[in-house]
Structures are given as structure tokens and as C-alpha cells.
1. How much accessible area per residue does the chain have, in Å², with a 1.4 Å probe?
2. What are the ³J(HN,Hα) values, in whole Hz, obtained from phi via the Karplus relation 6.51 cos²θ - 1.76 cosθ + 1.60 with θ = phi - 60°, for each residue of segment 49-62 in sequence order, with x given for Gly and Pro?
3. Got the relative contact order for the chain handy, in percent, Cα pairs under 8 Å and 6 or more residues apart?
4. With P(r) over Cα pairs in 10 Å bins from 0, in percent in mind, check [x] 11, 30, 25, 24, 10, 0; [y] 14, 43, 27, 13, 4, 0; [z] 10, 23, 32, 26, 9, 0 and report the label derived from this structure.
5. How much mean residue ellipticity at 222 nm does the chain get from its helices, if each DSSP H run of length 4 or more adds -39500 (n - 2.57) and you divide by all residues, to the nearest 500 deg cm²/dmol?
Amino acid sequence: MLVPAHRAGRGAVGAHALPSRALALWGGALAFPALQATALVLVGVAFGLPVPPAHMAVAYLAATVAVALVPTPGGLGSVEAALVVALVAVGGAAAAATAVVLVFRVITVWLPLLPGALTLGALVRLKVI
């Protein structure tokens, strides 16, 4: 269902009417990429990737912008490729950058699925859903 433009704008204005809502909106929008970049930096440091942490964070941001141009479900494949290319571009070795990206994606994408799947199974078993 399409919403007329004059009504669609009310939600944006309403979200910014209260400072707490605006803080939650913008804080969450800024925190997610910051935490993702931090996770990539931590994995890179753990693997000994010879790239400065600030460069890894910028590489993450550049890769996510590039991935937005080629949308895939969950970013599967395109995110990994873009991150490896970005990390190699800022000075990392291809093999090390690939290992860092794969571990980063396992930690940030695949591991969080496990608790969700277990919870879903429990809720179905209990006939909650």
C-alpha cells in the first residue's frame, strides 16, 4: 500500500519530536556500523592483519557502501568480496584479509542465528507460535 507523501513525512517528524526518540533513532543508526567496524578491527588485530585499525574501519564503511550498489539477500557473497577487496586495498595480504573477513562474517552473521533457531524451536514446541 502506498502512503501519500504528505502523510509519510509525519512519521519522520514524529520520530524527531521527542529528543529521546531522535537519540534512539540516530544512536542506533550510528551504533550498528560502528560496532560492526569494531568487530572487524578486533578480528583483524587478532589475526595479525598488518593494517591500522582506522584503515580497517574505513575499509568496512567503504565496502558497505559498495555493497549497497549490488543488493543481495543478506549481503551474502558481495559483502565478503567487497570487504576482502577493501582490506587488500588498504594494505592487507589477500589470504589474511580473506581469513579475517570469513571469521568476521561467521561471528556477526552466522553465530547469531543459532540462539534464534533454538528459541524458535522452543516456542514452536511450546505451541506459543
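The values are calculated or read from the model by the stated rules, or taken from the named source; none is laboratory data. Since the model is a prediction, treat every value here as computed from it, not as a measurement. Keep in mind that these areas ignore ligands, DNA and RNA; they rest on the heavy atoms of the full protein, side chains included. Shrake-Rupley method; radii C 1.70, N 1.55, O 1.52, S 1.80 Å.
1. For the chain, the per-residue accessible area is 65 Å².
2. Per-residue couplings from phi come out as 5, x, 10, x, x, 5, 5, 5, 5, 5, 4, 4, 5, 5 Hz.
3. 21
4. Given [x] 11, 30, 25, 24, 10, 0; [y] 14, 43, 27, 13, 4, 0; [z] 10, 23, 32, 26, 9, 0, the structure-derived one carries the label [x].
5. Dividing the helical sum by the residues of the chain leaves -24000 deg cm²/dmol.
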